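What follows is a short report on a single structure.
The values are calculated or read from the model by the stated rules, or taken from the named source; none is laboratory data. In this text the structure is predicted, and so the values were computed from the model without any measurement. Cβ sites come from the backbone with ideal geometry, for glycine too, and all protein chains shown count toward neighbours.
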Amino acid sequence: MAFEKARGIHTKMLKPIVDRMSNVDPATLTWISVLFAAGCCYLLATASRDSEGAWKLLGAFALLLIAAELDALDGAVARAYDKVSKYGDWLDHTIDRLVDLSLLIAIGINTAWIDVHWLGWAAATLTLLGSYMGTQAQSVGLGRNYGGFSRADRLVTTFVGIAIAAIMAFNGSPDIELPSAISDLIGLGAINPLSAVLLISLVGGIWTFLTRAMSSRRQLLDGE
């Protein structure tokens, strides 16, 4: 989607930093990003709906931003200094998947913001299936498939959800009540920014899985 296409612009913005990292091992940046992501997950899982929780959400936002920048830097450094390797590619994608799932599960187990706790696990599962379709396409020689609700889209959605949730926590704002027809359909009586992140990620995962599966099927059949 749109945010995935913005990767090139973001890479150019990182160039002044990359130019000073010739002696840095890209894998080191990847592992450091895990520490920030883990801290973010802890804050997301334990944030309450008061001012203390709001500060935790702002902390989670900051840690996720640092983790995301480090994740972008590792690949940029590897390409800039001819340090691209199969191990680095494998490590980067493995960590990306673990962070993606951990963020959604962390939000899902938060008892202050989420009432339906299976929602986090469902969003994580569908996100993983969508990612799997991309790597499966590559495994049969089609190249990486980035169609659907990309990781960049999901990260931006998560950032926005965390920021709005922090504002709601500072103000003591309640959840938004849903119409009974929608409530009966999705099993939620009300929605807030963090539950919205899970719902959007779940639907996005389904869309990504179907989009990538149909694209791969079409390419494979056309190639026979």
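Here are the numbers for this structure:
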| item | result |
| --- | --- |
| Pair list, Cβ < 7 Å and 6+ apart or interchain, from region 44-62 residues that are surrounded by 18 or more Cβ atoms within 10 Å (Cβ to Cβ) to residues that are among the β-branched types (V, I, T) | L44/I107; A45/I109; K56/T46; L57/I162; A60/I162; F61/I162 |
| Scan of region 150-177 for residues that are within 26 Å of T208 (Cα to Cα) and at pLDDT below 90, ordered by number | S150, R151, A152 |
| Residue list for region 19-56, filter: under 19 Å from V77 (Cα atoms) and of a type in the set (S, T, N, Q) | S22, N23, T28, T30, S33 |
| Qualifying residue in region 81-97 (condition: modelled with pLDDT under 90 and within 13 Å of the chain's Cα centre (by Cα)) | yes |
| Residue match in region 200-210 (condition: at pLDDT 90 or above, within 19 Å of F61 (Cα to Cα) and not polar (S, T, N, Q)) | yes |
| Residue check for T94: farther than 25 Å from L65 by Cβ and not acidic (D, E) | no |
| Flag if D74 is over 13 Å from the mean Cα position of the chain (by Cα) and crowded, with 20+ Cβ neighbours inside 10 Å | yes |
| In region 8-31, residue modelled with the highest pLDDT [restricted to those that are under 29 Å from A165 (Cβ atoms), of a type in the set (A, V, I, L, M, F, W, C) and touching a helix residue (DSSP H, G or I) at 6+ places or on another chain (Cβ under 6 Å)] | L29 |
